[in-house]
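S.K.: Let me begin by handing over the structure; questions about it come next.
The values are calculated or read from the model by the stated rules, or taken from the named source; none is laboratory data. Everything quoted here is computed from the prediction, not taken from an experiment. Note that each Cβ is placed from the backbone with ideal geometry, even for glycine, and that neighbours are counted across all protein chains shown. Ligands, DNA and RNA are stripped out before the accessible areas are found, and what is left, the full protein with its side chains, is counted by its heavy atoms. Shrake-Rupley method; radii C 1.70, N 1.55, O 1.52, S 1.80 Å.
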Amino acid sequence: MTQPQGYLALVLHAHLPFVRHPEHEAFLEEDWLFEAVTECYLPLLEVFAAWERDGVPWKLTMSVTPTLAAMLQDELLQRRYVRHIEGLIALAEKELARTAGQPAFHRLAQMYHHRFLEARRLFGDKYRMDLAGALRAFQDAGKLEIIASAATHGYLPLMHPNRPAVRAQVEVGVEAYRRAFGRDPAGFWLPECGYSPPDDELLAACGIRWFIAETHALLHARPRPRHGVYAPIRCPFSGVAVFGRDPESSKQVWSAAEGYPGDSDYREFYRDIGYDLDYEYVRPWLKGGVRSHTGIKYYRITGPTDDKQPYDPERAREKAAVHAGNFMFNREKQVEYWRSRMDRPPIVVAPYDAELFGHWWFEGPLWLDFLVRKIAFDQRTIALTTPSEYLEMFPPTQTAQPSMSSWGHMGYSEVWLNGANDWIYRHLHAAAERMEALASAQRNPSPLV
């Protein structure tokens, strides 16, 4: 392929809070991890494997937070996942019998039964229960760039009253990355894209070369970048490169009103048999007897109505292909426009929560598969890349100070500091001070138990 006119960097941010409760035989919040493994992480790994099998040229960036990496490598949670998926297989078998006289639902029950059987096979036989290792293998092959993140996904801009706590989030996050993936990270995911100067200097001290910021971190940088968010800038004191999120590609996926996941043909997330069916029927699969999601969902979004229609996988698959083509077309036109106004090929940085793909948006992995294959074989305007790879080809030529910023409502920490939650910060800051005092008092602390 000749040099493209521009590049697309797809970034998946994979994060879950630490939910491990050995003191309980079963714990509701652990299902967050198990659902993500079944619906997101395993399907994404299989998409990556299919690209390798079919010779598809691909590049992708993925953050894996320390809490998620620790859970993926934890033997207790690995065993509990096997128990979880075996329970879902039993539930799906029960559904096969219940829906035998309902063709529209029976074929969906068959689909879920097959998916759960395949999840058990992949997790236990193919990946040997080590999904972090599976991701590491794709990174070692040069196709997937895994980046680091903060230790507990702490929101750094609101931790600034205690700078050692911010430094600890970065340093522990980098060290956790080294343990999980056997190398130093080049990039860093700031939780919630929350940036506040001079956090980039803490990143530089840990060897980080780049991070991703919200759009207005670059648009309001001083001096204002000549190329907006379509080329990285360099921070003035640390030299760390900053990539800005592209608002156009974000809107097409994230927007509740206009984004692809809200299409009427896609699967409805909220209609789950854990809520729809008779309580006694599903009770054996409910943690603590509380109604919750099982992952078996029979309806499509249909529209703004309570009268939902049965889900049609073939129809949804066709729509995912259409949406992938539409996304690629828009990126081509976007790149063509910016290339004519820049001295280098532009880069479109498109970050999303990884858990959107397969969990919230059931067809997300399918859409991603279609998109990457279309980019590889159906056009020559754009190419996939990673931020590290782009920096090697096109180092930043402009130095500018990014502005304080975050993603989320209004873009300046409002989600994380407002009248509903401001009471907690005095306690969080006191806890950070206490932790700093404990760490300072004991140079060689014993392991936490």
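The rows are residues; the columns are (1) open to solvent by 10 Å² or more (accessible area, probe 1.4 Å); (2) in a strand (DSSP E or B).
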{"residue": "VAL349", "(1), (2)": "no, yes"}
{"residue": "TYR352", "(1), (2)": "no, yes"}
{"residue": "TRP367", "(1), (2)": "no, no"}
{"residue": "PHE370", "(1), (2)": "yes, no"}
{"residue": "LYS374", "(1), (2)": "yes, no"}
{"residue": "GLU389", "(1), (2)": "yes, no"}
{"residue": "PRO396", "(1), (2)": "yes, no"}
{"residue": "GLU414", "(1), (2)": "yes, no"}
{"residue": "GLY419", "(1), (2)": "yes, no"}
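S.K.: Can I ask one more? When the residues of the range 192-228 are narrowed to those that are touching a Phe, Trp or Tyr at 6+ places or on another chain (Cβ under 8 Å), of a type outside the set (A, V, I, L, M) and not in a loop (DSSP other than H, G, I, E, B), which ends up most open to solvent (accessible area, probe 1.4 Å)?
M.R.: This residue is GLU201.
S.K.: Scan VAL170, VAL174 and give me the residue that is assigned to a helix (DSSP H, G or I), within 21 Å of LEU428 (Cβ to Cβ) and of a type in the set (Val, Ile, Thr).
M.R.: VAL170
S.K.: I would also like to ask the following. How many residues are over 30 Å from GLU314 (Cα atoms), of a type in the set (Lys, Arg) and open to solvent by less than 30 Å² (accessible area, probe 1.4 Å) if we restrict to the range 276-304?
M.R.: 0
S.K.: Another one. Only one of (1) under 27 Å from the mean Cα position of the chain (by Cα); (2) touching a residue at least 24 places away in the same chain (Cβ under 8 Å) fails for ASN418. Which number is that?
M.R.: Result: ASN418 fails condition (2) only.
S.K.: So ASN162 fits all but one of (1) closer than 16 Å to VAL242 by Cβ; (2) over 18 Å from the mean Cα position of the chain (by Cα); (3) not hydrophobic (A, V, I, L, M, F, W, C); what number is the exception?
M.R.: Of the numbered conditions (1) closer than 16 Å to VAL242 by Cβ; (2) over 18 Å from the mean Cα position of the chain (by Cα); (3) not hydrophobic (A, V, I, L, M, F, W, C), the odd one out for ASN162 is (1).
S.K.: Within the range 40-65, track down each residue that is assigned to a helix (DSSP H, G or I) and open to solvent by 20 Å² or more (accessible area, probe 1.4 Å).
M.R.: Going residue by residue through the range 40-65, those that are assigned to a helix (DSSP H, G or I) are 40-53.
Selection gives PRO43, GLU46, ALA49, GLU52, ARG53.
S.K.: Within the range 142-150, identify whether any single residue is out of contact with any Asp or Glu (no Cβ under 8 Å at 6 or more places or on another chain) and under 22 Å from ALA431 (Cα atoms), and answer yes or no.
M.R.: Of all residues in the range 142-150, those out of contact with any Asp or Glu (no Cβ under 8 Å at 6 or more places or on another chain) come to 142, 144, 146-150.
Imposing the further condition that a residue be under 22 Å from ALA431 (Cα atoms) reduces the set to 149-150.
Yes; the residues of the range 142-150 include at least one that is out of contact with any Asp or Glu (no Cβ under 8 Å at 6 or more places or on another chain) and under 22 Å from ALA431 (Cα atoms).
S.K.: Here's another thing I want to ask about it. Take the residues of the range 229-240 that are in a loop (DSSP other than H, G, I, E, B) and touching a residue at least 60 places away in the same chain (Cβ under 8 Å): which is most open to solvent (accessible area, probe 1.4 Å)? I'd like the intermediate steps shown before the answer.
M.R.: Going through the range 229-240, the residues in a loop (DSSP other than H, G, I, E, B) turn out to be 229-232, 235-240.
Still in the running and touching a residue at least 60 places away in the same chain (Cβ under 8 Å): 229-232, 235-236.
Details: VAL229: 8, TYR230: 14, ALA231: 8, PRO232: 9, CYS235: 2, PRO236: 59 Å².
Among those residues, the one meeting the criterion is PRO236.
S.K.: Kindly indicate whether PHE105 is part of a helix (DSSP H, G or I), touching a Phe, Trp or Tyr at 6+ places or on another chain (Cβ under 8 Å) and over 19 Å from MET62 (Cα atoms).
M.R.: Considered against the rule, which asks whether it is part of a helix (DSSP H, G or I), touching a Phe, Trp or Tyr at 6+ places or on another chain (Cβ under 8 Å) and over 19 Å from MET62 (Cα atoms), PHE105 comes out as yes.
S.K.: How many residues does the range 131-152 hold that are assigned to a helix (DSSP H, G or I) and open to solvent by 20 Å² or more (accessible area, probe 1.4 Å)?
M.R.: 4
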